Amino acid sequence: MLYAKILFAPVAAGVLESLDTRAAEAMPGVEAVHVITEPGGRITWAGQEIAAVAATSEEVAKEALGKIKAVYRPERPQMEDTDPAKAEGRERVRTEGDPDGAFERAAAVVEGRYGLAAVTHCCLEAHGQVAEFREGELYVWCSTQNVSGYAGQLAEVAGLPASKIHVDCQHMGGGFGSKFGADRWGIVCVELAKRTGRPVKLMLERDQELMIAGHRPSAYADVKVGADREGKVIAWRSRCWGSTGMGRFRPPPLPYVFQIPNRHTTSQGIPVNRGAARAWRAPGHPQACLITMAAMEDLAARMGIDPLEFFLNNLDLVDERLRPIYREELLLAADLIDYKSKVHPRGDKTPGPVKRGLGISMHTWGGAGHTSACDLTIQPDGSVIVNIGTQDLGTGTRTVIAVVVAETLGVPLEWVQVNIGRNAYPPDGASGGSTTAGGVASSSRRAAVAALDALLAKVAAKFGVPVEQWEAARGTIRQKGEAGRAVSWKEACALLGQMPIAVQGKHQAGPETELTSSGVGGVQMADVSVDVETGVVRINQMVAVQDCGLVVDLKTAESQVMGGMIMGITYALFEEVAYDPATGRMLNPDMEFYKLAGLADIGQLRVHHAHSRTVVAGIGVTGQAAAGSDRIRR
């Protein structure tokens, strides 16, 4: 195997005047040098790919990079993203109702500037892959959130149809929205493998990973919001701007959650010399949430209204379907954090520099399951094999699939073998937008129901009892209401002879289906201490009450929510990308000075799931469908 390294531009703006790779090509151990940016090409961010080297070791590849002579004509980069005067390009404008008239009627108005700086994804496992051509086909071992769609991105450079490209991703060390595409380094890796005829490994170094492999853009807004004498929010005006990177600006949805009747919003991007912005766990929503909720709490303080009562009093401004959910969640969160004993008006009069207070946040997200297909086989020996071309980002996707299948078939979890992570399996959607659990659970559920119905038909034929009178539970197939009429799971499967049951379950993405829906809500509250002399912020406790619909596996669901809370805390208190305004280079491209929260920084976390109020609907197949639906726990 060869090892590839990439030469990155050290300047953020300018022109590559010349490039000489001859010394690198002549080095012993260097098998190939690939030019990515031709002389005369524009440089638009520090870290832009210039050339790549494939060599017999990482050390040789790195040494060869140092022998490439690249001459740049640098220009002053644009790095400032906090000044709205820097915004340019198309301005998005939206007006509803009569904002001016509503502000004139308002009993209280607050204005403020709110915002969040850009952060980087900081994946523990860097972006990259191993690529190998073998007998006219391409094999790729990559870190991706899109196993089924990855091959299509490599087809052109490989000169092969996607059907001859084999993708394998059994495990990955984080993506958070940054690993949907093969990216330029993935394309280059395939180019080098094709040219040399040898497998090539290309993984980004840590500094490169933080500099160019994805960042969540900044967002800032000047906000004006007003309420009537009863504390009902009636007017909103905001101007929003943020960093675009080398791509388009995606303004956060303002105002967030609350559909204020009289509102005027504008948004505009600030082009900066950074790599392209990428999705980072609910793109746009954390920024919008901070901007909206901070302004709402400021308005409540201006009016002398308890923030919890203020939020409850304005729930008629949220999506009608979510009003009762938000009300329940707000009250549950208040109980979990002991809100009544801790809340106090602003202006803490306690002695000493450390002041303590509470914060409230509400959020929403779409979700719904993505398109998914699942092959399921029941073998004559009783084993169950599930093949599905999804990926597990560390969220427990394998476990969710196994739980759904085992629950439906009435067998222990360990009897189900789940195979994922290869595009040879039935296609499944990319893991983004909180769609994976809904997609894979639906397709595997359908496959398991169909397979069980086929097995029940075998048992029913043996005993001469109608199929609808049989069910699966606790490793047996039993006749309903007849305690003595049952066979073990393996005895039932032995009736298959030499012919296993093989079925495929499919789920088609859409806003609403029999098995999935979209639109969830959640509430967080934080108990925070601030040293007003030093500025040090401490999280004492944070609670999250989430509506995720039907929770398939509580342990992994709670783990995901805790992970989101930890990421939110570290994003708010520690993380920030720092750039040199002169060169545009990232000043903290490491995990020493790009700070992340540690265990002592996050305080006590509590998670509560607001459980689904409906049972999964029957899916229109015979035998086990309805009974199986009821067994999935709410």
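The residue that is modelled with the highest pLDDT, counting only those in the stretch 529-554 that are charged (D, E, K, R) and in contact with a Gly (Cβ under 8 Å, 6 or more places away or on another chain), is 538. Among residues of the stretch 17-28 that are in the same structural domain as residue 41 (by TED's automatic domain parsing) and hydrophobic (A, V, I, L, M, F, W, C), those with a Cβ under 9 angstrom from a residue that is exposed (fewer than 15 other Cβ atoms within 10 Å of the Cβ) and part of a loop (DSSP other than H, G, I, E, B), sequence gap 6+ or separate chain, pair up as 19/38; 19/39. Considering the stretch 475-490, the residues that are in contact with a helix residue (DSSP H, G or I) (Cβ under 9 Å, 6 or more places away or on another chain) and not in a strand (DSSP E or B) include one that is surrounded by the most Cβ atoms within 10 Å (Cβ to Cβ), namely 489. Filtering 49, 58, 91 for residues that are more than 14 Å from residue 29 (Cα to Cα), modelled with pLDDT of 95 or more and not basic (Lys, Arg) leaves a single hit, 49.
Figure legend. Inter-residue proximity from the stretch 299-317: first residues at pLDDT 95 or above, second residues of a type in the set (Lys, Arg) and in a loop (DSSP other than H, G, I, E, B), beta-carbon distance below 9 Å, spacing 6+ or different chains. Indicated pairs: 301/346; 303/229; 313/232; 314/232; 316/232; 317/232.
Please work out if residue 226 is of a type outside the set (A, V, I, L, M, F, W, C), more than 30 Å from residue 292 (Cβ to Cβ), touching a strand residue (DSSP E or B) at 6+ places or on another chain (Cβ under 9 Å) and at pLDDT 95 or above. Taking the combined requirement at face value, the residue does not satisfy it.
Residue-by-condition table, conditions (1) loosely packed, with under 15 Cβ neighbours inside 10 Å; (2) aliphatic (A, V, I, L, M); (3) touching a Leu at 6+ places or on another chain (Cβ under 6 Å):
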| site | (1), (2), (3) |
| --- | --- |
| 31 | no, no, yes |
| 51 | no, yes, yes |
| 67 | no, no, no |
| 75 | no, no, no |
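The condition (being of a type outside the set (Asp, Glu), farther than 19 Å from residue 455 by Cα and at pLDDT 85 or above) is satisfied by just one residue among 508, 504, 498, 479: 508. The condition of being over 30 Å from residue 536 (Cα atoms), among the hydrophobic types (A, V, I, L, M, F, W, C) and out of contact with any Pro (no Cβ under 6 Å at 6 or more places or on another chain) holds for residue 405.
Per-residue answers, yes or no, for (1) crowded, with 19+ Cβ neighbours inside 10 Å; (2) more than 30 Å from residue 120 (Cβ to Cβ):
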| position | (1), (2) |
| --- | --- |
| 286 | yes, no |
| 294 | no, no |
| 301 | no, yes |
| 316 | no, yes |
| 324 | no, yes |
| 348 | no, yes |
| 366 | no, no |
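Taken as a whole, the structure places residue 66 among residues that are assigned by TED's automatic domain parsing to the domain that holds residue 11, modelled with pLDDT of 95 or more, in a helix (DSSP H, G or I) and out of contact with any Phe, Trp or Tyr (no Cβ under 9 Å at 6 or more places or on another chain). Set side by side, the residues 206, 278, 198, 274 differ, and just one is of a type in the set (Lys, Arg) and more than 21 Å from residue 175 (Cα to Cα), which is 198.
Taking the criterion of being over 33 Å from the mean Cα position of the chain (by Cα), farther than 18 Å from residue 204 by Cβ and assigned to a loop (DSSP other than H, G, I, E, B), the residues of the stretch 27-63 that qualify are 27, 28, 29, 38, 39, 40, 41, 56.
Applying the selection to the stretch 65-81, what residues are over 30 Å from residue 219 (Cα atoms) and among the aliphatic types (A, V, I, L, M)? Once the filter is applied, which keeps residues that are over 30 Å from residue 219 (Cα atoms) and among the aliphatic types (A, V, I, L, M), the stretch 65-81 yields 65, 68, 70, 71.
Return yes or no: is residue 524 surrounded by 14 or more Cβ atoms within 10 Å (Cβ to Cβ) and outside the structural domain of residue 351 (by TED's automatic domain parsing)? Judged against the criteria, residue 524 is not a match. Residues of the stretch 21-36 that are over 19 Å from residue 194 (Cα atoms) and not basic (Lys, Arg): 21, 23, 24, 26, 27, 28.
Inspection of the stretch 143-165 identifies no residue that is closer than 30 Å to residue 592 by Cβ, hydrophobic (A, V, I, L, M, F, W, C) and touching a Cys at 6+ places or on another chain (Cβ under 8 Å).
Restricting attention to the stretch 439-474 and to residues that are more than 20 Å from residue 399 (Cβ to Cβ) and of a type in the set (Gly, Ala, Ser), the residue that is surrounded by the most Cβ atoms within 10 Å (Cβ to Cβ) turns out to be 472.
If residue 516 passes every condition in (1) assigned to a loop (DSSP other than H, G, I, E, B); (2) surrounded by fewer than 18 Cβ atoms within 10 Å (Cβ to Cβ); (3) touching a residue at least 24 places away in the same chain (Cβ under 8 Å) but one, which one does it miss? With respect to (1) assigned to a loop (DSSP other than H, G, I, E, B); (2) surrounded by fewer than 18 Cβ atoms within 10 Å (Cβ to Cβ); (3) touching a residue at least 24 places away in the same chain (Cβ under 8 Å), residue 516 is out only on (2).
Scanning the stretch 208-242 for residues that are under 15 Å from residue 273 (Cα atoms) and touching a Lys or Arg at 6+ places or on another chain (Cβ under 9 Å) yields 211, 212, 213, 214, 215, 216, 217, 242. Please indicate, with yes or no, whether at least one residue in the stretch 110-129 is over 23 Å from residue 245 (Cα atoms) and either in a helix (DSSP H, G or I) or of a type in the set (S, T, N, Q) (or both). Yes, the stretch 110-129 contains at least one residue that is over 23 Å from residue 245 (Cα atoms) and either in a helix (DSSP H, G or I) or of a type in the set (S, T, N, Q) (or both). Of all the listed residues (245, 175, 226), the sole one being part of a strand (DSSP E or B), small (Gly, Ala, Ser) and crowded, with 22+ Cβ neighbours inside 10 Å is 226.
The number of residues in the stretch 209-223 that are assigned to a strand (DSSP E or B) and closer than 21 Å to residue 175 by Cα comes to 2. Residues of the stretch 318-328 that are of a type outside the set (D, E, K, R), assigned to a helix (DSSP H, G or I) and in contact (Cβ under 8 Å) with a residue 60 or more places away in the chain: 322, 325, 326.
The values are calculated or read from the model by the stated rules, or taken from the named source; none is laboratory data. Please read all numbers here as calculations on a predicted model, not as lab measurements. When we count neighbours, we look across all protein chains shown, and the Cβ atoms used for this are built from the backbone with ideal geometry, even at glycine.
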